[in-house]
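Report on one structure; see the data block that follows.
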Amino acid sequence: MHKKFIVLFLAFVLLAVSTTNEQTSAQSTFPDARGHWAEEAIDYLHQNQIVTGLPTGKFGINDTIKRRDAAIMIALAKGLDTENISSVNPFSDVEPSSYYYNEVVAAVNAGYLTGYPGGKFNPNGELTRQEMAVILVKAYNLKNLGGPVFRDVSATSWSYDYIQRIISNKITSGISSTQYGPIKNITR
């Protein structure tokens, strides 16, 4: 398992962890990331060509992450073949000409992401903390090691087991000691 990458990826998407990369703020690639607690993780992901900045040269700290962007990041992080997509387009709202098409299809074919009923992917939808938990558990085959239960995540919720797995692996934490914030959007 690539635990270091998972931690770095989550620092980027869940704003929950930090890394030990030995860069300084003066070396940061993005001006809006300088001094941010996740600066080193952002620079690591950029250097490893998993994330890019915005056309303005900034990173976009606190911008929400779209489902299409999560597909791109996980496809790159897992080294999925995005050139040889041999699948029929499973989604009516993802055009084959879109810049994220291959990554979405590759991530879906790998089982890391799914669509919605009716053949939709919702590429412009904002990713939630519970959705990111599902992606990471599926991509890295995380097991439940036991741990805290949050009041805002019902044991009958579709995301309960996934959230428990990333919490028990100490990849992320709740937004408080009693709440996970499953439907909160994650940010860059």
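The values are calculated or read from the model by the stated rules, or taken from the named source; none is laboratory data. All values reported here derive from a predicted model rather than from experimental measurement. Positions of Cβ are generated from backbone atoms using ideal geometry, with glycine treated the same way; all protein chains shown enter the neighbour counts. Side chains included, ligands, DNA and RNA excluded: accessible areas come from the protein's heavy atoms. Shrake-Rupley method; radii C 1.70, N 1.55, O 1.52, S 1.80 Å.
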query: Using mean Cβ contacts within 10 Å as the protection proxy, how do 90-96, 37-43 order, highest first?
result: 37-43, 90-96
message: If you only keep lysine pairs separated by 8 or more in sequence, or across chains, how many in the chain come under 22 Å at the Cα atoms?
response: 22
query: Which trypsin sites (Lys or Arg not before Pro) does region 102-144 hold that lie in a coil by DSSP with at most 15 other beta carbons within 10 Å?
result: Lys143
Per residue solvent-accessible surface (Å²) - region 144-188, probe of 1.4 Å: 55
message: How far apart, in nanometres, would the label points at Ser157 and Asn48 be if each is projected 7 angstrom from Cα along the Cα-to-Cβ direction?
response: 2.8
field: Cα extents of the chain along the three principal axes, largest first (Å)
entry: 45, 42, 27
task: Provide the per-residue ³J(HN,Hα) series for region 89-101, in order, calculated from phi with Karplus coefficients 6.51, -1.76, 1.60 and θ = phi - 60°, each as a whole number of Hz, with x at glycine and proline positions.
output: 4, x, 10, 6, 9, 10, 6, x, 7, 6, 5, 9, 3
- prompt: For the chain, what's the relative contact order in percent, using C-alpha pairs closer than 8 Å and at least 6 residues apart?
  reply: 23
message: Quick one: 3J(HN,Hα) in Hz for region 110-115, Karplus 6.51/-1.76/1.60 with θ = phi - 60°, rounded, Gly and Pro as x.
response: 6, x, 7, 10, 9, x
- request: Evaluate the distance, in nm, between pseudo-label points positioned 7 Å from the Cα of Asp81 and of Thr114 along their respective Cα→Cβ axes.
  value: 2.5
message: Semi-axes of the equivalent ellipsoid for region 79-188, please: Cα gyration tensor eigenvalues, times 5, square-rooted, ordered largest first, whole Å.
response: 29, 15, 12
message: Show me the ranking of peptides 167-175, 98-106, 151-159 by mean Cβ neighbours inside 10 Å, starting with the highest.
response: 98-106, 167-175, 151-159
- request: Calculate the dipole size of the chain relative to its Cα centre from +1 charges on Lys and Arg beta carbons and -1 charges on Asp and Glu beta carbons; express the result in debye to the nearest 20.
  value: 520
task: Work out from phi, with θ = phi - 60° and the Karplus expression 6.51 cos²θ - 1.76 cosθ + 1.60, the ³J(HN,Hα) of each residue of region 135-152, listed in order in whole Hz, and give x for Gly and Pro.
output: 4, 5, 5, 5, 5, 10, 6, 6, 9, 7, 9, x, x, x, 10, 9, 4, 8
Fraction of accessible area attributable to carbon and sulfur, the chain (%, probe 1.4 Å): 50
